[in-house]
Amino acid sequence: MSVPGASNTVLEAVVPYSRMSFVQLLGKIPSQHCSRQTAEEMALLAYNRGLKLSSPGDPVVGVGFTGSLASSRPKFGDHRFYLSTRTSDRLSVSTVTLSKGLRTREQEDTVSSQLLLKAIANACKVQTASVSHLTESDMSDEHETHFSEDQELEQLIDGKICFKVYSFSSETYRSTAERKIILSGSFDPLHEGHIKLLEVATSICGNGYPCFEISSVNADKPPLSVSQIKDRVKQFEKAGKRVIISNQPYFYKKAELFPGSTFVIGADTVARLINVWILKLL
């Protein structure tokens, strides 16, 4: 954060240091605070948070770190830490056990911080100087899992990731634009009326990112299959338009997922919403 321009890269940093802060972040009491599973869960939470904070289609890296390092009192267990990074198609996790009594707390902090920076660079596919801060008595294990597009969409349907953006649009927008202008629908099929509606809405709203949005989960129907989602996405690729695949069928949930966005609705949706409102009155 001491480097000028860090705000162009860093979206948010959260340090859940106390036990209660940690529990609130994860939304549960973990079986172990310092574990590989917890680091992976933190990275996934950070990834989903990054998706919500970034512009549509921007590559996002979520990072999780948890450790048990040298303290003011001797520890019975190992001095160790776990770090994990999550991108759209990859999950990486490192487990490092440090030699007990070899370093001070400050030195262990330095080692873990350097390895964390290296992991972030690797996730961003940035070349770094290969300098090892570990000794022969330290132990390190790295594991990486790659996800196919089908696996990403399955994770989306299951609620593990909040949405996936397909950026087929060649249009450019001002970098200051943070608001999304979203037209939601099933788009089965996508037609010229949908495209014109979003174009007109964007011209009225002004600065913003126009996006189509499809929910993989429906309120009154079975969820879309991976093949169905991919077939509908192909329409937007052919049209050269940006589409977001989410897992939120209700507009109030979409508003929570995309805060500050403008939602565009067509005549069919308006009629359906009004009919529901009238039925409730009756």
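Worth a mention:
- Residue within region 69-81 that is within 25 Å of the chain's Cα centre (by Cα), over 30 Å from Val243 (Cβ atoms) and modelled with pLDDT of 95 or more present: yes
- Matching residues, region 2-23, being assigned to a helix (DSSP H, G or I), within 24 Å of Arg80 (Cβ to Cβ) and within 22 Å of the chain's Cα centre (by Cα): Ser21, Phe22, Val23
- Test result for Gln107, more than 17 Å from Ala46 (Cβ to Cβ), at pLDDT 95 or above, surrounded by fewer than 15 Cβ atoms within 10 Å (Cβ to Cβ) and not assigned by TED's automatic domain parsing to the domain that holds Val217: yes
- Filter result (in contact with a strand residue (DSSP E or B) (Cβ under 7 Å, 6 or more places away or on another chain) and not hydrophobic (A, V, I, L, M, F, W, C)) within region 50-74: Gly50, Ser55, Pro56, Gly57, Gly62, Gly64, Thr66, Gly67, Ser68
- Sole residue being surrounded by 13 or more Cβ atoms within 10 Å (Cβ to Cβ) and within 21 Å of Phe147 (Cα to Cα), chosen from Ile244, Ile182: Ile244
- Leu153 touching a Ser or Thr at 6+ places or on another chain (Cβ under 9 Å), closer than 29 Å to Met1 by Cβ, in a helix (DSSP H, G or I) and not small (Gly, Ala, Ser): no
- Condition check for Ser227 on (1) farther than 21 Å from Thr269 by Cβ; (2) among the hydroxyl-bearing types (Ser, Thr, Tyr); (3) surrounded by 12 or more Cβ atoms within 10 Å (Cβ to Cβ): one failure, at (3).
- Test result for Ser169, touching a strand residue (DSSP E or B) at 6+ places or on another chain (Cβ under 7 Å), of a type in the set (S, T, N, Q) and under 19 Å from Val60 (Cα atoms): yes
- For region 1-43, a tally of residues being surrounded by 14 or more Cβ atoms within 10 Å (Cβ to Cβ) and among the charged types (D, E, K, R) returns 3.
- Taking region 180-282 and the strands (runs of 3 or more DSSP E) fully enclosed by it, the elements with 3 or more residues that are of a type outside the set (Ser, Thr, Tyr) and touching a strand residue (DSSP E or B) at 6+ places or on another chain (Cβ under 6 Å) are at 180-184, 209-215, 242-246.
- Residue check for Thr85: within 24 Å of the chain's Cα centre (by Cα), closer than 30 Å to Tyr166 by Cβ, hydroxyl-bearing (Ser, Thr, Tyr) and surrounded by 14 or more Cβ atoms within 10 Å (Cβ to Cβ): yes
The values are calculated or read from the model by the stated rules, or taken from the named source; none is laboratory data. Everything numeric here is computed off the predicted structure, so don't read it as measured data. Glycine gets a Cβ as well: all are built from the backbone with ideal geometry, and neighbour counts include every protein chain shown.
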